[in-house]
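To start, the structure itself, in structure tokens.
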Amino acid sequence: MPENRLGGASTPPQGKTSWSDGHRGRHDSRSRRCTAVFDEHLQEFMFVSQASGLAKRSMAIMHSVLTEYTHWLRTKRLRWPDVDKDHLVDYLATLVDVDAAYSTIQLRRWMLMRLYRWAASEGLRPDNPAQRLAPLRRRPRNLGWVPSVAQVAQFIDAPDVGTPLGVRDRTALEMLYATGLRASELVGLCHHQFDQENRVIRLIGKGGTERLVIYGHPAAQWLEKYLMGPRQALIWQGAGHLRMTDKVFVHPTPLVEMRYFHLHRLVARYARQVGMPMMTPHVLRHAFATHMHRRGADLRILQTLLGHADLSTTTIYVSPMEAELLAVVERHHPRGVYYNMSHRPQFDMFRFMAACQTTAQRTACRPAARSEVRGPHLTRCIKSGGAAASPPETLAITRAPTLSSVTRDFVDKNAEE
């Protein structure tokens, strides 16, 4: 059996083909070219990783990272089973020296932890050197840009719905914002996953986990309109005949199936059209979570809808606004501007709201309404009727206003009275 430069067999274990057989995608040819640098144990590690349920994209990324690691070992004249903790630290230090991103270093650390944990369990090593690696110090995270509700509405209205392609694009954007799906999940949607009567989608997400996603009435209307005719027109335009496919979203090409890069291109096109160059499919996922959380959705519910295994991941998707944080501090802190004033009978909250400078800071409260902040992001307007009034009736739920200089002057004036 021929051996590679690492001293191991360059072919997979007996009775098996290459782990990349059957793997399709842009990483496929590169994976086949680089497989020769793996010995039989690394080949077996790839088989075990694939059998554990890793997605195809995760397998392609792992193969690329493992190939990089084996090339680094060759430059140091080392074999992967013989390294110790100091060698692993040196490998990660080379990434720090070139100012690699935190996610890049963490990905390499994840691969090393997985590889040497498997090697120790298989008896290829007496211990796991990666287990003694210190956790990485996380750099400050940029929460990124989250569009407002009005900006998302403007963006979703951008496609020309007078054409089949425009109807497909409008439906895709509606579904992204209505469900918070990942881009790969949207383009992979099939007919059998939909329960259109109950507006439910059954998804198999990362790690093979199953979840149910609910979508709203507007998205359901556009989906029905898209499936009634524009979808068949796009298939005919691309293939020249009505080709059978279970994919919901199609593209006018001979393969007819919509791909990942098709979705990114259409989002980028409409983003430029409305002057929002930072808009991506993942930004719509962030907007879905942030807008729902600001209107009272529980983080546990969002975790289920987004398909996150850890609640801490969901908190990344929810970025609070400075105005909301300021309103909470001023209302709940003992030294807040209106901590003790919102419960005073002579304090007219309607006049307080009217004193705000911008239209965005006004609320829908009636003149006789007073405001009570409930939670970190909502202001609930409750009808007031004195001591003998009927039980409180909820009128509206609006965003807490910021305290500009005008509102502060108003509060100070009322305090003097």
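Can you find even one residue in the stretch 164-172 that is touching a strand residue (DSSP E or B) at 6+ places or on another chain (Cβ under 9 Å), under 23 Å from L223 (Cβ atoms) and either crowded, with 22+ Cβ neighbours inside 10 Å or outside the structural domain of L107 (by TED's automatic domain parsing) (or both)? Please lay out each step first, then the result.
First, the residues of the stretch 164-172 that are touching a strand residue (DSSP E or B) at 6+ places or on another chain (Cβ under 9 Å): 168.
From the residues that got through so far, the ones that are under 23 Å from L223 (Cβ atoms) too are 168.
Imposing the further condition that a residue be either crowded, with 22+ Cβ neighbours inside 10 Å or outside the structural domain of L107 (by TED's automatic domain parsing) (or both) reduces the set to 168.
Yes.
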Q: Check the stretch 35-43 and report whether any residue there is in the same structural domain as W118 (by TED's automatic domain parsing), modelled with pLDDT of 85 or more, out of contact with any Asp or Glu (no Cβ under 7 Å at 6 or more places or on another chain) and aromatic (F, W, Y).
A: no
Q. Does G180 satisfy being assigned by TED's automatic domain parsing to the domain that holds I301, crowded, with 21+ Cβ neighbours inside 10 Å, among the small types (G, A, S) and touching a residue at least 60 places away in the same chain (Cβ under 8 Å)?
A. yes
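Within the stretch 77-92, work out how many residues are under 20 Å from E40 (Cβ atoms) and either in a loop (DSSP other than H, G, I, E, B) or of a type in the set (S, T, Y) (or both).
Of the residues in the stretch 77-92, 3 are under 20 Å from E40 (Cβ atoms) and either in a loop (DSSP other than H, G, I, E, B) or of a type in the set (S, T, Y) (or both).
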Q) In the stretch 121-163, which residue that is among the charged types (D, E, K, R) and loosely packed, with under 12 Cβ neighbours inside 10 Å is modelled with the highest pLDDT? A) D160
Q.
outside the structural domain of L306 (by TED's automatic domain parsing) and either basic (K, R) or in contact (Cβ under 8 Å) with a residue 12 or more places away in the chain (or both): is that true of Q196 in this structure?
A. no
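Let's see how each residue does on (1) surrounded by 20 or more Cβ atoms within 10 Å (Cβ to Cβ); (2) modelled with pLDDT of 90 or more:
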| position | (1), (2) |
| --- | --- |
| G207 | no, no |
| I214 | no, yes |
| H217 | no, yes |
| L223 | yes, yes |
| L227 | no, yes |
| R243 | no, no |
| L255 | no, no |
| V267 | yes, yes |
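The values are calculated or read from the model by the stated rules, or taken from the named source; none is laboratory data. What you see is a predicted model, and the numbers here were worked out from it, not measured in a lab. We place every Cβ from the backbone using ideal geometry, glycine too, and count neighbours over all the protein chains shown.
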